[in-house]
Amino acid sequence: MPMPADQIETLIRAGIPDARIEIVDLAGDGDHYEARVVSESFRGQPRVRQHQRVYETLGGRMGTELHALKLSTAIPE
Amino acid sequence: MTDARTRIDEIVKSNDIVLFMKGTALFPQCGFSSRAIAILDHLGVGFETVDVLQDPEIRQGIKDYSDWPTVPQLYVKGEFLGGSDIMMEMFEAGELQQLLEEKQVARAPS
């Protein structure tokens with residue numbers, strides 16, 4: 001089931017308030033997204049944990065409602 | 001431990017590099033799995049794959065095992081490394097090659 005980009009952003013923002021979030025709808029079908037999430041709170045965390053924290057904000061939608069999300073995370077320069 | 005968990009634990013611990021994926025190395029059934037295979041192929045390392053589409057128990061079980069919502073998932077020497085996005089980030093940064101060398105699984109035994 002498709003999910004609008006602003007809903008994804010809202011969910012991530014709720015869980016990681018300081019995040020800078022960029023979302024691209026890759027296929028224009030509301031089902032394949034690319035998201036880049038930059039947050040100071042990632043500092044010191046391994047990549048796996050950074051991605052896990054983003055997935056947590058999506059509360060179980062990842063892999064179900066949200067089929068494909070290409071994710072990258074970073075710490076602000 | 002549940003059955004699936006025990007089985008996954010055995011797979012993860014008995015293979016230096018194992019990728020849980022959709023489809024097979026020759027015929028990946030999803031773009032993310034395909035990308036993961038391309039990275040491993042490019043690195044020229046030997047690896048095992050598990051097709052989660054053939055086994056519903058493993059398909060669900062692996063998500064619980066790693067606390068990770070999607071497939072593919074890469075394990076190196078028993079350690080969960082991440083999905084295809086992390087593999088790509090690490091590969092591009094040269095970190096994946098470095099990690100495999102450190103863990104002494106850099107090259108496939110011929």
**Q.** Filter result for B:Ala25 (in contact with a strand residue (DSSP E or B) (Cβ under 6 Å, 6 or more places away or on another chain), surrounded by 14 or more Cβ atoms within 10 Å (Cβ to Cβ) and either not basic (Lys, Arg) or not in a loop (DSSP other than H, G, I, E, B) (or both))
**A.** yes
Q: Tell me, please, whether a residue that is closer than 22 Å to A:Arg61 by Cβ, touching a residue at least 40 places away in the same chain (Cβ under 8 Å) and outside any helix (DSSP H, G or I) can be found in the stretch B:55-72.
A: yes
**Q.** Sole residue being farther than 30 Å from A:Val37 by Cα and among the basic types (Lys, Arg), chosen from B:Lys13, B:Lys77, B:Lys22
**A.** B:Lys13
Q: Give the residues of the stretch B:28-52 that are surrounded by fewer than 19 Cβ atoms within 10 Å (Cβ to Cβ), modelled with pLDDT of 95 or more and not in a helix (DSSP H, G or I), sorted by residue number.
A: B:Gln29, B:Glu48
Q: Among what's in the stretch B:62-83 and is small (Gly, Ala, Ser) and either facing chain A (nearest Cβ under 8 Å) or surrounded by fewer than 18 Cβ atoms within 10 Å (Cβ to Cβ) (or both), pick the residue that is farthest from A:Leu71 (Cα to Cα).
A: B:Gly78
(Q) Within the stretch B:53-61, does at least one residue satisfy the condition of being among the basic types (Lys, Arg), surrounded by fewer than 21 Cβ atoms within 10 Å (Cβ to Cβ) and either within 23 Å of A:Pro46 (Cβ to Cβ) or in contact with a Ser or Thr (Cβ under 7 Å, 6 or more places away or on another chain) (or both)? (A) no
Q: Please state which of the following conditions A:Leu69 fails to meet, knowing it meets all the rest: (1) touching a residue at least 40 places away in the same chain (Cβ under 8 Å); (2) out of contact with any Phe, Trp or Tyr (no Cβ under 8 Å at 6 or more places or on another chain).
A: (2)
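Could you check, for the stretch B:3-19, whether at least one of its residues is without any contact (Cβ under 8 Å) to a residue 12 or more places away in the chain, within 14 Å of chain A (Cβ to nearest Cβ), out of contact with any helix residue (DSSP H, G or I) (no Cβ under 7 Å at 6 or more places or on another chain) and over 28 Å from A:Gly60 (Cα atoms)? It would help to see each step written out before you state the result.
Within the stretch B:3-19, the first condition is being without any contact (Cβ under 8 Å) to a residue 12 or more places away in the chain, and the residues that meet it are B:6, B:10, B:14.
Filter once more, keeping what is within 14 Å of chain A (Cβ to nearest Cβ): none.
No, there is no match, as no residue in the stretch B:3-19 is without any contact (Cβ under 8 Å) to a residue 12 or more places away in the chain, within 14 Å of chain A (Cβ to nearest Cβ), out of contact with any helix residue (DSSP H, G or I) (no Cβ under 7 Å at 6 or more places or on another chain) and over 28 Å from A:Gly60 (Cα atoms).
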Q. In the stretch A:57-74, what count of residues is obtained for those that are outside any strand (DSSP E or B), within 9 Å of chain B (Cβ to nearest Cβ) and touching a helix residue (DSSP H, G or I) at 6+ places or on another chain (Cβ under 8 Å)?
A. 3
Q) Of the residues A:Pro2, A:Pro17, which single one is assigned to a loop (DSSP other than H, G, I, E, B) and touching a residue at least 24 places away in the same chain (Cβ under 8 Å)? A) A:Pro2
**Q.** Residue list for the stretch A:6-48, restricted to those being within 13 Å of another protein chain (Cβ to nearest Cβ) and touching a Phe, Trp or Tyr at 6+ places or on another chain (Cβ under 8 Å)
**A.** A:Leu26, A:Val48
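The values are calculated or read from the model by the stated rules, or taken from the named source; none is laboratory data. Bear in mind the structure is a predicted one, so any value in this text is a computation, not a measurement. Here the Cβ is made from the backbone with ideal geometry for all residues, glycine too, and neighbour counts use every protein chain on show.
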